[in-house]
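Bear in mind these aren't lab numbers, they're just calculated from the coordinates by the rules spelled out. Computed from a predicted model, the values in this text were never measured in an experiment. Glycine gets a Cβ as well: all are built from the backbone with ideal geometry, and neighbour counts include every protein chain shown.
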Amino acid sequence: GQQLNQSPQSMFIQEGEDVSMNCTSSSIFNTWLWYKQDPGEGPVLLIALYKAGELTSNGRLTAQFGITRKDSFLNISASIPSDVGIYFCAGQPVDSNYQLIWGAGTKLIIKP
Amino acid sequence: DAGITQSPRHKVTETGTPVTLRCHQTENHRYMYWYRQDPGHGLRLIHYSYGVKDTDKGEVSDGYSVSRSKTEDFLLTLESATSSQTSVYFCAISERAQGRIYGYTFGSGTRLTVV
């Protein structure tokens, strides 16, 4: 099925570092959602974006809805150990009432 | 999330047996979904529902059926379980307003092992 292009696939971080990840699509979306999944749990919604250009923060997390409506970015500032996990983006295509397209996830790992 | 619960959380079953997973919501959301998650494949949609008795297939629906007789319950049935259906299954719910999805929330998952 259709997937968003989410990158990077994985990244090693040290505590205190800033982290960036993004998702791109060939089609236009009218909603972007960012989730985090911890081991053994379901994905948890971090940030929802509903308008092109929108910039929304949730604590140390900031996400943006790209102006072209084909991409979105998630930044984490001053990472801490509990940021480790898998981050997923999801987008709602303009021709969909309730279906989402999912990215494959970005796995954040703490450097030893 | 207390608004959506899945049962059971873990299940081991034998090949060829029927299995039913349950998703229960207290949010009164119209839309409900069943996903499976496997390493290297991310989240894949199995079936979804857009109202009571209204369901449709997702991208990996073969071998699965669903039923929704009440707003709050969405059942996923594996008619005859196979080892390829060993996976973690997630239920999700959502609503829609002004053409946009909101409240897209996941349950904690059911880990199913078919032996």
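Computed from backbone phi, the HN-Hα couplings of the range B:73-79 come to 10, 9, 9, 10, 10, 9, 5 Hz, rounded to whole numbers (Karplus: 6.51 cos²θ - 1.76 cosθ + 1.60, θ = phi - 60°; Gly and Pro given as x). Please give the length that would be gained between B:His10 and B:Val52 if that part of the chain were fully extended, namely 0.36 nm times their separation in residues minus their C-alpha to C-alpha distance (nm, one decimal). Stretched fully, the B:His10-B:Val52 segment lengthens by 12.5 nm. With contacts taken as Cα pairs under 8 Å at a separation of at least 6 residues, chain A carries a relative contact order of 37 percent. With both labels modelled 7 Å from their Cα along Cα-to-Cβ, the B:Ser80 to B:His41 distance reads 2.0 nm. Here's how it looks for B:Gly3: its modeled amide H is under 5 Å from none belonging to a residue 5 or more places away or on a different chain. Each 10 Å bin from zero up to the one holding the largest Cα-Cα distance in the protein assembly as shown carries the following percent of pairs: 8, 33, 35, 19, 5, 0.
When you work out D = kT/(6 pi eta Rh) for chain A at 25 °C and 0.890 mPa s, using the Kirkwood radius from C-alpha pairs as Rh and the Stokes-Einstein form, the result is 175 µm²/s.
Sparsely packed loop sites in the range B:6-93 (the GluC sites (Glu not before Pro) outside DSSP H, G, I, E and B with at most 15 other Cβ atoms within 10 Å) comprise B:Glu14, B:Glu59, B:Glu79. So the label point goes 7 Å from the Cα of A:Ser20 along Cα→C-beta, right? Which residues of the range A:58-99 then have their backbone N under 19 Å from it? Only A:58, A:60-80, A:87-89 fall inside the zone, counting backbone N under 19 Å. Normalised by residue number, the volume inside the convex hull of the Cα atoms of the range B:13-99 is 99 Å³ per residue. Ignoring lysines fewer than eight residues from A:Lys70 along the same chain, the ones with Cα atoms less than 20 angstrom from its Cα are A:Lys51. For the range A:25-103 and the range B:27-96, what is the separation of their Cα centres, given in Å? So the separation of the two Cα centres works out to 22 Å. When +1 charges are put on Lys and Arg Cβ atoms and -1 charges on Asp and Glu Cβ atoms, the dipole computed for the protein assembly as shown relative to its Cα centre reaches about 200 debye. Run down the lysines and flag those whose C-alpha is under 20 Å from the C-alpha of A:Lys111, throwing out any fewer than 8 positions away in its chain. Partners within reach: A:Lys36. In this structure the amide hydrogen of A:Asn30, modeled in the peptide plane, comes within under 5 Å of the amide hydrogens of A:Gln92, A:Val94, none closer than 5 places in sequence on its chain. Only Lys, Arg, Asp and Glu carry charge here, each on its Cβ (+1 for the first two, -1 for the last two); on that basis chain A has a dipole of about 180 debye about its Cα centre.
Quick one: dipole size for chain B, taken about the Cα centre, charges +1 on Lys/Arg Cβ and -1 on Asp/Glu Cβ, in debye to the nearest 20. Before the final figure, lay out the partial values.
Details: 13 positive and 12 negative charges, 27 e Å.
Here the size comes out at about 120 debye.
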